[in-house]
Every structure is written in C-alpha cells, then in structure tokens.
Amino acid sequence: MPLLIKNGRIITATDDYRADIYAAEDTITRIERSIDESKLSKKTEIVDARGKYVFPGFIDPHVHIYLPFMGTFAVDDYESASKAALVGGTTTLIEMICPGPKDEPWDAYQLWKSQAKKKAAVDYSFHMSVVRFDPKVREQFRRIVNDGIASFKVFLAYKGALDLSDEHLFAAMTLAKELGVIVTAHCENAEAIDAMQRSLLGANRAGPEWHGPSRPPVVEASGVHHLCSFAALTGAHVYTVHTSCDDAVREAMNARYRGVDVWIEAVAPHLVLDETYAAQADFEGAKYVMSPPLRDKRHQDVLWNGLRARSISTIATDHAPFTFEKQKKMGLDAFTKIPNGIPTIQERVDLVHTYGVTKGRLSLNAMVDACSTQAARIFGMYPRKGTIKVGSDADLVVYDPKFHSTFKAADSQSKVDYCAYEGWERIGRPTAVTVRGEVQARNGKFVGTIGRGQFIKREATHG
Ligand code: URP
Ligand code: ZN
Ligand code: ZN
C-alpha cells in the first residue's frame, strides 16, 4: 500500500526541514513541501506527522538475539526482538553471530540466518565472529562475505569461549584487509580478566559488585591498543564495540592520529548507567552485569562529548537479554557465572532523546547520525538505509518529542523479565514506525507482520 507522511519535520544527520514524504512501494519516491493527497490512490496510508519529527529508521549495529553464552541462551527470538526494536524506532539491526570454538563458520552462519528467516519483522544483517582461524575456515569466510556479510567480529575476552589467539587474530585481520571488510572487536584482555576473576573469587569477593573490578578501564584500553596495533600492521579497518571509558576512547583516538582506520561505538547502557547500579544490594546488581562493565559516572561525559564531536560514530545497544529470575541468578554464588548483558533494544532511541537531546548533550542531527546514518555508512548499507532520500528504503520513524512517561518492564516487548531503566523519566516516543513503506509499530504497539523483515546484503566498503 502506498504511504504518505504529511506535515512532519524531517531530521537527518545533516538536515532539518518540513516536507511530505511519499513511498509508492518499498522506497521513497517523492519528498516535496506539500503533496496533494487527493491526487493519490485511495489506498494510500496517510500518517499525520504534524508537531512531530520524522527520522530515518534507526539502525542498531550491535545486538544479540540467538546467543548461546555462559551456559545458557539469551531469551529473545527474532519475533520478540523485532517487536521490541520496532516499537522503539529501530528498523534495521545487525546481529552478532557467535559460534563456539569448534563450530564451522558456514554452518554457524546458516544457523543464525535460519533463526531470523520468517520470524524477523525488522530488516537485518549479521557480523560474522571469527573464534578460530585455521586454513579450513578461510574459504568459508570468503563465501560468507560473498553472501553479503561485510564485517567480522572478534573477541579479545571470554577466555576459553569466544576469545581469539593473537596468531588467529592476525590471520583473520589479514583476510579482512584482503576482502575489504571491517573488523568489529570486543576489546579487553581475556587472560588478565581470568587472573583477576580468580584472585577476587579466592578472596571471597563473589557478588555482582566485583564484576567491574575484575575488568577495569586499563584492561579495555589495552585491548583497544592491541587491536589498533594489529590494524596498523595488517591495514585492516577496525571498529571498537561497546567502548565504555575515557581510557579506551583515548587509545582509539591516538591510533587514529597514527593513521589507523578505527571507528568507535558507544552503547546506550554505558551512556546512562554507572557502576553503582551493579553494586546494588540483594543481587539486584546482577541485572547490570555486562562487559565491559558499567563505569564511574565521569566516563559518561567523555562518551557524550565524543558523540557530540562525532569522534565516536555510533550508539548501539549490545542488547543481550537474560532473565533475572532464572538466568542472572545462575551467578548467585559467583559473579563470573552471571550471564553478561543488559537488554536495551526497545529503549535506546528514547534514552538518547531523553538523556542526550533534551539535556542539551546531543543535537537532533547528531542523534540521527549516531543512531542511524553512521551505522549505515560504516557497514555498507548507505544510502539504502540511514537517511531520508528519494530512492532510500521507506524506513521512517514519526516521533513525538512531547510524549512524557517512564520506562517500565510492563511496556517491554522483549521476553526479559526486567527493565534496566525501570521508573526512569522518558521524554519522546515513536508514534509510527515504517519498514520499507509499511507501518510496523504505532504508539508502543507492534502492528506489523512477522516474517516481513528482509536480510540486507551488504557490500564490502573498506577495500
Ligand atoms: O555483556 C555483554 N556485552 N554481553 C554480550 C556479549 C558481548 O560481549 O557483547
Ligand atoms: Zn562484547
Ligand atoms: Zn555484544
């Protein structure tokens, strides 16, 4: 059905103007000051955006949906994650494929793709994790890239599970350079963390409040330094995921000044939550255990300022949903057994609007850049995604900046049993969210079609 969005204030990463937007089918075909609806087909769906912003569909470039991890599985599936993403204004997501060290990459890729097929209502792609790199896997990674996956993921953390040896890291980055794909990286140091975890547990420091001290900022900074050194040696382009602290941002910026092609991602939890949340009594802190951990509050200013200066490129979520009652409590006797992750896929855009834009930390244009446009550019989807242009997909978010409420688990579409931002002030919400011209969410409700989400093939852009 054709779509007309009328009377809105269109905000992209660079522009701010009033116009109507028309999509005959999947893509935007007209953007004009005023489009006469009486001349359009009677079947046209008309959305009145008077008094509202119209943003390009938001892109979350770092989520986990199907995730076997720390002895359990993340609770969302593509149906619940899509609904949560859409009501929160996210129309495209990039999920991390995280196989085990013995799994074959091609099989893992097929498994992850099968989870999304027929269940996704958002458009989606994947980053392909390299957890082992031997001659047998080389051709499989080439095939995966040829199939439209233009990014790798590596973990410099999670000893014995997802971490990669230096020998394999170097080989993977050399292949990434050859294929022109960017390497996204979880930057810490698996060995140092393992040693510190054992020492803390040995001293009976086993509660969730000890998770942070087991992986301090210097560990993350050393991971960023390590990744960037390998990037300098191999020429690969790199992207530091969930960059949480001043120390790590500085390492990436220093590498950039040395000529390394490095991009920086922040995630919503690190922008608004600090380490005191993970130290809450009665095991409540477990809800806030993620890696890298929540930091001292002073790091939040560095992240917001980096975003404002656009030296930090993106705001993702690192959505990794584990229930409090059944899954987080696996770590009642030791913080090392608490599944790591904070679910945020639904709340990201409203958090950034409430705590970034309305507090004067970020302009609307910078919000769009960080939550949509940069992800499309860095990961090879621009201008199909990430902007509002004739020819772009009609992924649009009509946003009411005057809506006032609070964040609550009762509104959540995710299967997780808590909201990390319960009771917090919330200013703004998406009132209509379209994916390729069809309204998929309205006023916090999913109204779309499960299975409509498409796999987005991405081109290598870092050659
Ligand atoms: O705590 C986190 N971040 N959990 C998900 C896995 C990862 O490291 O991204
Ligand atoms: Zn990570
Ligand atoms: Zn992650």
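If the condition is being within 18 Å of HIS127 (Cβ to Cβ), away from ligand 1 (no atom under 13 Å from the Cβ) and part of a loop (DSSP other than H, G, I, E, B), then segment 303-360 contributes only SER313.
Residue-wise test of (1) among the basic types (Lys, Arg); (2) within 16 Å of ligand 2 (Cβ to nearest atom).
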{"position": "TYR53", "(1), (2)": "no, no"}
{"position": "PRO68", "(1), (2)": "no, yes"}
{"position": "ASP107", "(1), (2)": "no, no"}
{"position": "LYS119", "(1), (2)": "yes, no"}
{"position": "PHE141", "(1), (2)": "no, no"}
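Of the residues making up segment 404-421, those that are in a loop (DSSP other than H, G, I, E, B) and either in the same structural domain as VAL352 (by TED's automatic domain parsing) or not acidic (Asp, Glu) (or both) are PHE407, LYS408, SER412, GLN413, SER414, LYS415, VAL416, TYR418, CYS419, ALA420, TYR421.
Within segment 208-222, can one find any residue that is over 21 Å from ILE315 (Cα atoms) and aliphatic (A, V, I, L, M)? Within segment 208-222, one or more residues are over 21 Å from ILE315 (Cα atoms) and aliphatic (A, V, I, L, M).
In segment 62-73, the residues that are in the same structural domain as GLN115 (by TED's automatic domain parsing) form Cβ pairs under 6 Å with partners that are part of a strand (DSSP E or B) and more than 9 Å from ligand 3 (Cβ to nearest atom), at six or more places apart or across chains, as follows: VAL63/LEU93; VAL63/GLU95; ILE65/GLU95. Of the listed requirements (1) in contact with a strand residue (DSSP E or B) (Cβ under 9 Å, 6 or more places away or on another chain); (2) crowded, with 22+ Cβ neighbours inside 10 Å; (3) closer than 24 Å to ALA157 by Cβ, MET330 misses just one: (2).
Taking segment 65-92 only, how many residues are part of a strand (DSSP E or B) and surrounded by fewer than 24 Cβ atoms within 10 Å (Cβ to Cβ)? Outline the logic, then answer.
Narrowing segment 65-92 to residues part of a strand (DSSP E or B): 68-69, 72-73, 90-92.
Checking the rest, the ones that are also surrounded by fewer than 24 Cβ atoms within 10 Å (Cβ to Cβ) come to 68-69, 72-73.
So the answer is 4.
Any residue at all in segment 216-231 that is in contact with an Asp or Glu (Cβ under 9 Å, 6 or more places away or on another chain), assigned to a strand (DSSP E or B) and of a type in the set (Val, Ile, Thr)? Among the residues of segment 216-231, not one is in contact with an Asp or Glu (Cβ under 9 Å, 6 or more places away or on another chain), assigned to a strand (DSSP E or B) and of a type in the set (Val, Ile, Thr), which makes the answer no. Of all residues being more than 16 Å from ligand 1 (Cβ to nearest atom) and of a type in the set (Lys, Arg) in segment 146-202, which is farthest from PRO213 (Cα to Cα)? Just the residue, please. Per the stated criteria, the residue is LYS177.
Being of a type in the set (Gly, Ala, Ser), within 19 Å of HIS62 (Cβ to Cβ) and away from ligand 2 (no atom under 16 Å from the Cβ): is that true of SER363 here?
Numbers: of a type in the set (Gly, Ala, Ser): yes; within 19 Å of HIS62 (Cβ to Cβ): no; away from ligand 2 (no atom under 16 Å from the Cβ): yes.
Against the criterion (of a type in the set (Gly, Ala, Ser), within 19 Å of HIS62 (Cβ to Cβ) and away from ligand 2 (no atom under 16 Å from the Cβ)), SER363 does not qualify.
From the list ALA157, ALA172, ALA161, ALA185, pick out the single residue that is crowded, with 24+ Cβ neighbours inside 10 Å and in contact (Cβ under 8 Å) with a residue 60 or more places away in the chain. Break it down stepwise before answering.
Values: ALA172 fails: in contact (Cβ under 8 Å) with a residue 60 or more places away in the chain; ALA161 fails: crowded, with 24+ Cβ neighbours inside 10 Å; ALA185 fails: in contact (Cβ under 8 Å) with a residue 60 or more places away in the chain.
Every option except ALA157 fails the conditions.
Looking at ALA394, ALA441, ALA410, which one is more than 20 Å from the chain's Cα centre (by Cα) and crowded, with 23+ Cβ neighbours inside 10 Å?
Details: ALA441 fails: more than 20 Å from the chain's Cα centre (by Cα); ALA410 fails: crowded, with 23+ Cβ neighbours inside 10 Å.
After applying the criteria, what remains is ALA394.
If only residues of segment 188-206 that are away from ligand 3 (no atom under 16 Å from the Cβ) and buried (at least 20 other Cβ atoms within 10 Å of the Cβ) are counted, the one that is nearest to ARG458 (Cα to Cα) is ASN189. Quick one: would you say THR434 is in a strand (DSSP E or B) and of a type in the set (S, T, N, Q)? When the stated conditions are applied, THR434 passes them.
Of the candidates SER214, SER125, the single residue that is among the polar types (S, T, N, Q), crowded, with 23+ Cβ neighbours inside 10 Å and touching a residue at least 12 places away in the same chain (Cβ under 8 Å) is SER125.
Would you confirm, using the coordinates I've provided, whether ILE31 is in contact (Cβ under 8 Å) with a residue 12 or more places away in the chain and closer than 23 Å to THR243 by Cα?
Working: in contact (Cβ under 8 Å) with a residue 12 or more places away in the chain: yes; closer than 23 Å to THR243 by Cα: no.
Judged against the criteria, ILE31 is not a match.
Of all residue pairs spaced 6 or more apart or on separate chains, those with beta-carbon atoms under 6 Å, a first member in segment 331-351 that is at positive phi and a second member that is in a loop (DSSP other than H, G, I, E, B) and within 16 Å of ligand 2 (Cβ to nearest atom) are GLY341/MET290; GLY341/ALA320; GLY341/PHE322.
The values are calculated or read from the model by the stated rules, or taken from the named source; none is laboratory data. What you are looking at is a predicted structure, and each value in this text was computed from that prediction instead of being measured. Neighbour counts are summed over all protein chains in view; Cβ atoms, including those assigned to glycine, are modelled from backbone coordinates with ideal geometry.
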